[in-house]
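Everything on this sheet refers to the single structure shown next.
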Amino acid sequence: MTTAREAETATATEASGASGKPIAAGVGGRARRLLGAVFAALVGLFLLAPVLVTIASSLTTTSYVTFPPKGLTLHWYAELLNRPEFLDSFLLSIGVAAGAAVVSSALGLAAGLAIHRYPFPGKAVLDRLFSSAFAVPTIVLGIGLLQWYAQLGMASSPLTLLLAHLVLTVPYTVRLVLAGLAGLDRSAELAAAGLGAKAPRVFWHVTLPAVRGPLIAGAFFALITSFDDLTIALFVVTTDMQTLPVRIFNYLQYNYDPTVTAVGTVMVLFAAVAVVIIERVVGVAHLFGADPEN
Amino acid sequence: MTAGTDTVGTESAPTEADPAARAGSTRGRLVLKGIHKSLGGKEVVRGIDLTMEPGEFLTLLGPSGCGKSTTLNMVAGHLLPDSGAVEVDGRDITRLPANRRSMGMVFQSYALFPHMTVAENIAFGLRMRKVGAARRSRRAAEFLELVGLDGMGERYPRQLSGGQRQRTALARALIVEPDLLLLDEPFSNLDAQLRVRLREEVGALQRRVGTTTILVTHDQDEALAVSDRIAVMAEGAIHQLDVPETVYLRPATDFVAQFVGEVNVLDGTAAGAAADGHRCRIGGTHLVTATPVGTAPGDGESVRLYVRPEAVRVRALPEAVSGKGGPATTSAPAAAEPGLPGTVEATRFLGTRVRCVVATAAGRVEATLPFGAEVPGLGEEVICAWQAQHASLTARP
Ligand SMILES: Nc1ncnc2c1ncn2[C@@H]1O[C@H](COP(=O)(O)OP(=O)(O)O)[C@@H](O)[C@H]1O
Ligand SMILES: [Mg+2]
């Protein structure tokens, strides 16, 4: 949606810039604005189309996925109930994603504080590592983790999956926390201590509020990244333990019925609900001034 | 002239006011004993000793990096001295953590809590002391009024100007009725006009509440304007600790003389005590007087004099001595009066005063003539003189 608005703004600016030509300006300006709106709509459609197609085709009465849907039915959603493996996978994905959110926030906070505050050997290396972790292709990470787990004799479990996802998410939360801490005036902590606050209360009342926004954003990022991950999970899961993306992926190799689009729609709904909830929480954080400049 | 000329240049003797008499304070007697501190392998505080009376306003004045903040942070409990002791009201608090001391601190960066309202910021210390919400908000309102922020309690720090932020920080520090108020360059982030206004306000407020206060600053105007006493610091040591008038008019060291304002430095030899000070011979023959810092030098010892341009009086030389012809007069010979003769080399109009440069046997002497004084002409023979109490005499380094 931002894209659409930006496109509009850009066109409007150009239009006003064209007012140097008095006669053509009115017509040209209107045409440009119209063109801009069309462009914006196209971009929006391009972004939303896959989602819309998935949702629409989950309503088809045919036994294969097709768009536009032929007829309308909720049969495939009912069919989901006959497939407990999808529910199991959904619960596994949610559980691991929630774990990734909580653990990477905690680790991100701890690591961020350590890097920001204390000198320790290897600090520079660690800092560099956290900043460049994004650059590693996830498939390489998956292969590496597969090797590691095999070497260590670690059997596949939700825990190994969680650890794998933490490799993806922790660097991100660390960066966010560091950015938050950079904006914290160290003297504010000294001031709080001088006013009688013991170390835990200084942390609670001064340090934590400074990184609250980053922690929420980091947790959200971790949740979505973990819930969404297919590449790494493919290497780490077993036939008994499959995350939802893996389950869908595998299912699609042998079936092409609208059950998968029904699952996809549920996933979209879940993500939308998560976004709304987070928006609420972050919005509340705004009220409390967690994000001073906005 | 950059020095705080508002407080000097008067003929009256420096007032040795008793700071302890202020507002009936009985609390907040600070003693620092032989404080040393190294940071990053460098000794940044090298043996600080000082005693503050309850209610006193003392300024640590020195250039950036001389160890002022480090000293203040040891008083506050944010740093532990390597050696030495910090005592408040006779109690050794050297190893007491900051949160168990009673110090209100104000920082250059304001250091407010951005997610709390102004009122919540101010009441923070009370909250940490488990004071109930009703009493907290009542006290916060009182202190908002005290610092002139009535009605702004519900705002957030980001919605305040720099001056308002610093007032908030001040109220936050004072609400806990601390033993000491510690101000670390509190005005340095403000623009020049506001800086002057706020420092006057803080001075007035301090006199009202009577809290023993240490101000850290590198701005000598600020130090001269608000302090009961000034400790001039350089490289981790106190060079001079005295009332502003004395620090200004009778600097103890080269460093103090140069740092606190413009100064005339004259070398000579000691020539015995006089009624109002100590005599000193300059350029071999000319006698002037000054006040010795510390023990008086023995006769004939090499000494150095510091005289501020404001303290120097320029008088026309009587005709006879100037040798501008005419018969010998019967007036008293000029040599009997103490002073340094010379020739006016330049005069500069500086708005409210005139600067006069006199070439003497001991080099150039600069004098600031008071407003309305007669300005000598170029090339005129004059005598530069000053009162003994307006010049300091030190052993030559
Ligand atoms: N944590 C630190 N580690 C190493 N050196 C420090 C540290 N803090 C301050 N210093 C050094 O100590 C000296 C005195 O610092 P400070 O007390 O802040 O000076 P001032 O407040 O007078 O400007 C400076 O040279 C500064 O660089
Ligand atoms: Mg400092």
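The values are calculated or read from the model by the stated rules, or taken from the named source; none is laboratory data. Since we're looking at a predicted model, the values are computed, not measured. Cβ atoms come from the backbone with ideal geometry, glycine included; neighbour counts cover every protein chain shown. Side chains are part of the model used for accessible areas, which takes the heavy atoms of the whole protein and leaves out ligands, DNA and RNA. Shrake-Rupley method; radii C 1.70, N 1.55, O 1.52, S 1.80 Å.
The table for this structure:
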{"item": "Relative contact order computed over the stretch B:63-178 (Cα-Cα under 8 Å; 6+ residues apart), in percent", "result": "29"}
{"item": "Heavy-atom accessible area ranking, 1.4 Å probe, most first, across B:Asp267, B:Asp299, B:Asp191", "result": "B:Asp299, B:Asp191, B:Asp267"}
{"item": "Cα-derived Rg over Rh, computed across chain B with Rh taken as Kirkwood radius", "result": "1.07"}
{"item": "Average Cα contact separation per residue, the stretch B:263-395, under 8 Å, 6 or more apart, as relative contact order %", "result": "33"}
{"item": "Vicinal HN-Hα couplings computed from phi for the stretch B:176-187 (Karplus, 6.51 cos²θ - 1.76 cosθ + 1.60; Hz; Gly/Pro x)", "result": "8, 6, x, 5, 9, 9, 10, 10, 9, 6, x, 9"}
{"item": "Size of electric dipole in the protein assembly as shown: Cβ of Lys, Arg +1 and of Asp, Glu -1, about Cα centre, debye, nearest 20", "result": "1420"}
{"item": "Restricting the stretch B:333-385 to GluC sites (Glu not before Pro) in coil, as DSSP defines it, with at most 10 other Cβ within 10 Å", "result": "B:Glu374"}
{"item": "Average partner coverage of A:205-212, which counts Cβ from other chains inside 10 Å", "result": "3"}
{"item": "Cβ-based charge dipole, the protein assembly as shown, positive-most Cα from B:Val375, A:Phe235, B:Thr253", "result": "A:Phe235"}
{"item": "Mean shadow area of the stretch B:263-395 over all directions, Cα convex hull, nm²", "result": "8.4"}
{"item": "Ranked packing of B:76-83, A:30-37, most packed first, by mean Cβ within 10 Å", "result": "B:76-83, A:30-37"}
{"item": "Interface B:A - total buried accessible surface [probe 1.4 Å, Å², rounded to 100]", "result": "1900"}
{"item": "Viscosity 1.306 mPa s, temperature 10 °C, Stokes-Einstein D of the stretch A:37-192 from Kirkwood C-alpha radius, µm²/s", "result": "79"}
{"item": "Global form of the stretch B:151-233, assessed from the alpha-carbon gyration tensor, a/c cut-off 1.5", "result": "oblate"}
{"item": "Shielding of B:114-121 by partner chains, average beta-carbon count, 10 Å", "result": "5"}
{"item": "Gained length - A:Val266 relative to A:Ile143, 0.36 nm times residue gap less alpha-carbon distance", "result": "41.3 nm"}
{"item": "Estimated vicinal HN-Hα couplings, Hz - the stretch B:341-349 in sequence order (Karplus 6.51, -1.76, 1.60; Gly, Pro = x)", "result": "x, x, 10, 5, 9, 7, 10, 10, 7"}
{"item": "Peptide B:74-84 - average C-beta neighbours from other chains (10 Å radius)", "result": "1"}
{"item": "Cα gyration tensor category, rounded, prolate or oblate, for chain A with a/c compared to 1.5", "result": "oblate"}
{"item": "Lys, Arg +1 and Asp, Glu -1 on Cβ, resulting dipole of chain B about Cα centre, debye, nearest 20", "result": "1640"}
{"item": "Accessible surface, per residue, of the protein assembly as shown when the full set of protein chains is kept, probe 1.4 Å, Å²", "result": "48"}
{"item": "Kirkwood hydrodynamic radius of the protein assembly as shown, Cα pairs, Å", "result": "32.1"}
{"item": "Dipole of the protein assembly as shown [Lys/Arg +1, Asp/Glu -1 at C-beta], most positive-end residue of B:Ala296, B:Leu58, B:Ala140", "result": "B:Ala140"}
{"item": "Kyte-Doolittle mean at least -1.0 and Cα axial length at least 24 Å: DSSP H helices in chain B", "result": "B:192-209"}
{"item": "Calculated on alpha-carbon atoms, Rg and Dmax of the stretch B:117-266 in Å", "result": "18.0, 65"}
{"item": "With 10 Å bins from 0: P(r) over the stretch A:30-77, alpha-carbon pairs, percent", "result": "27, 32, 21, 16, 4"}
{"item": "Leading residue at positive end of dipole, the stretch B:24-172 (Cβ point charges), from B:Pro114, B:Ala169, B:Ser25", "result": "B:Pro114"}
{"item": "Paired Rg and Dmax values of the stretch A:134-255, which use every Cα atom, in angstrom", "result": "19.7, 67"}
{"item": "Within the stretch A:97-164, chymotrypsin sites (Phe, Trp or Tyr not before Pro) in DSSP loop having at most 10 other beta-carbon neighbours inside 10 Å", "result": "none"}
{"item": "DSSP-loop chymotrypsin sites (Phe, Trp or Tyr not before Pro) across the stretch B:333-397, with at most 13 other Cβ within 10 angstrom", "result": "B:Phe371"}
{"item": "Share of pairwise Cα separations in the stretch B:353-397, more than 17 Å, in percent", "result": "44"}
{"item": "Mean separation of Cα contacts under 8 Å (6+ apart) over length of chain B, as relative contact order %", "result": "16"}
{"item": "By average C-beta atoms within 10 angstrom, highest first, the peptides B:41-48, B:129-136", "result": "B:41-48, B:129-136"}
{"item": "Net charge dipole size for chain A [Lys, Arg +1 and Asp, Glu -1 on Cβ; Debye, nearest 20]", "result": "640"}
{"item": "Protein accessible area in chain B, 1.4 Å probe - carbon and sulfur %", "result": "50"}
